[in-house]
Ligand SMILES: *Cc1c(COP(=O)(O)O)cnc(C)c1O
């Protein structure tokens, strides 16, 4: 007990501490081959080939009817909420603990984000508080599956049904997560994904809009094409003002390769979470990403959260990681703590958890030595 970490992050016989990165995409010859092919040949008549292939592969993986590749998850959310008619005077409910990307489109549409607290054990939306926050102006509820952890979709979908309010799934962090046989992102009115370079699968930047709703799909397809209805026969004739959030064929080529490797990529993420769990199981007052019975956690972001009693804070974790040149990331701040929103200190879980939590490195190629070192740093702090 109480041992000191002595340079666990050193290569044998040197004083150097190589950086242990937080995230890093897994890029193989396959991604390079497809991207090269798209750059060399994917023009003219073939300029949408990889995009279509990527959308098909994604639909099949998720088990949904429709998918539209986008330039980002933020863009997919923006178009989806615009297609639902969300605008000035409307309210959208989401968790206070969140990345701003989920709230920004609500603001851009002129609507109001209503931040509710998270559950202590899932770090996701508290469904009871969601129901209490519903007003006649509520136009949507966004379920964000934080770090791969799943929201209580049964309860959220029941609330949505009861009040006639669509549930949107921001599944940017939840590829590979499964809720009672259904993949994250496939259960709501629509779902969105991100392929930013830090996510489990990447296209550099990129996103996906998915839905099983025919009419919503048509609307978003039109919006994503600068408002041009696909049945419109006149050239350069937009039927409404739309958006330009398209993915390029070259990005989609990388996405096609990642989808061929999707099982490998999500399995590896789960292995990394399990490896941390195994090494850190003994620590009192520590919890990591939960995986309730009947669910699979896609483990995008293995995360440690300590109880208040342990006295282990974000700052202590940051300092300990920095000393070993480990790139760790802080738990999301409550959005209601940011200067552009009103403070909601009543969201006590959201306002507390980020002070004692940290995302730990989880890139696919992380080595045993690196996993051991990160774990040892945490253990040293906690014992
Ligand atoms: C990464 C992320 C986004 C944003 O994705 P972009 O592709 O960068 O727009 C949105 N929501 C959540 C929950 C995310 O983690």
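Values quoted throughout were computed directly from the atomic coordinates according to the rules given, and no laboratory measurement underlies them. Computed from a prediction, not measured in an experiment: that's the story for all the values here. When we count neighbours, we look across all protein chains shown, and the Cβ atoms used for this are built from the backbone with ideal geometry, even at glycine.
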- Item | Any helices (runs of 4 or more DSSP H) falling wholly within region 46-148 and containing at least 1 residues that are within 12 Å of the ligand (Cβ to nearest atom) and farther than 25 Å from residue 159 by Cβ | 73-83
- Would it be correct to say that residue 69 is crowded, with 23+ Cβ neighbours inside 10 Å and under 19 Å from residue 150 (Cβ atoms)? no
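Only one of 206, 185 is buried (at least 24 other Cβ atoms within 10 Å of the Cβ), within 15 Å of the ligand (Cβ to nearest atom), over 26 Å from residue 96 (Cβ atoms) and touching a residue at least 12 places away in the same chain (Cβ under 8 Å). Can you tell me which?
Numbers: 185 fails: over 26 Å from residue 96 (Cβ atoms).
Residue meeting the stated conditions: 206.
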- Query: Among the candidates 312, 272, 378, 326, which residue alone is surrounded by 15 or more Cβ atoms within 10 Å (Cβ to Cβ), in contact with a helix residue (DSSP H, G or I) (Cβ under 8 Å, 6 or more places away or on another chain) and closer than 30 Å to residue 62 by Cβ?
  - Reply: 272
- Note on the structure: Across (1) in contact (Cβ under 8 Å) with a residue 24 or more places away in the chain; (2) over 17 Å from the mean Cα position of the chain (by Cα); (3) not in a loop (DSSP other than H, G, I, E, B), residue 365 clears everything bar (3)
